[in-house]
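These notes concern the structure reproduced below.
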Amino acid sequence: MSGISKKANFICSRNTIDGVYPPLILALQARRAGADTMIFFTFDGIDVIRKNGAKKIKYYPNGMLGAIPGVPGVSARMITKLAEDRAGVPNIETLLEMCQLEGVKFHACLMTLQIMDIKNEELIEGVVVSDAASYIKTAMESNVNLFI
């Protein structure tokens with residue numbers, strides 16, 4: 001497929017382990033496969049790209065267990081440790097850094113920033129703010145678009 005430009009886009013709309021790991025891992029793999037790659041963070045997914053936001057990601061087990069105070073934080077640490085030990089997958093902070101170092105572009109949804117009154121200064125370095133129209137323009141030119 002030489003000469004053909006490949007593009008891949010992922011939407012991250014949640015700030016939970018199961019909402020953050022997939023777009024980061026898939027975006028990193030798409031980039032490594034040679035695709036121009038972007039993750040569009042919107043709604044609760046914005047928390048991932050806020051300064052120190054990756055440290056606050058939780059995992060809510062199904063059923064009543066997820067509603068018990070403290071369990072989501074402990075569960076997140078447990079899942080992160082299992083991912084590292086059993087699958088060799090780094091923690092979210094490391095994945096964010098790997099993605100950026102390898103050229104995955106991070107975009108923050110303008111509307112979400114406005115609704116939640118989040119300032120650009122609250123975001124990690126390298127994040128581009130863009131609106132839904134620019135995401136759609138990019139998506140229409142892309143080979144892969146996943147809302148995770």
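The values are calculated or read from the model by the stated rules, or taken from the named source; none is laboratory data. All values derive from a computational prediction rather than experimental measurement. Don't worry about glycine lacking a Cβ; one is built from the backbone with ideal geometry, like all the others, and counts go over all protein chains shown.
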Report task. Go through Ile79, Ile118 for me and flag whichever is in contact with a helix residue (DSSP H, G or I) (Cβ under 7 Å, 6 or more places away or on another chain), closer than 21 Å to Ala27 by Cα and of a type outside the set (Gly, Ala, Ser). Result -> Ile79
Query raised in the report: Can we say Met38 is closer than 23 Å to Asp131 by Cα, hydrophobic (A, V, I, L, M, F, W, C), touching a Lys or Arg at 6+ places or on another chain (Cβ under 9 Å) and not in a loop (DSSP other than H, G, I, E, B)?
Result: yes
Query raised in the report: Are any of the residues in segment 56-75 touching a Cys at 6+ places or on another chain (Cβ under 7 Å) and of a type in the set (Val, Ile, Thr)?
Result: no
Query raised in the report: On the given criteria, is Lys81 out of contact with any Phe, Trp or Tyr (no Cβ under 6 Å at 6 or more places or on another chain), touching a residue at least 24 places away in the same chain (Cβ under 8 Å) and surrounded by fewer than 17 Cβ atoms within 10 Å (Cβ to Cβ)?
Result: no
Requested in this report: Sort through Ala87, Ala76, Ala8, Ala27 and tell me the only one that's of a type in the set (Gly, Ala, Ser), more than 20 Å from Glu122 (Cβ to Cβ) and free of Cβ contacts under 8 Å to residues at least 24 places away in the same chain.
Outcome: Ala87
Query raised in the report: Looking only at segment 28-62, which residues are surrounded by fewer than 19 Cβ atoms within 10 Å (Cβ to Cβ) and under 19 Å from Glu141 (Cβ atoms)?
Result: Ala33, Gly34, Asp36
Report task. Taking only segment 1-16 into account, find how many residues are modelled with pLDDT of 95 or more and either of a type outside the set (D, E, K, R) or in a helix (DSSP H, G or I) (or both). Result -> 8
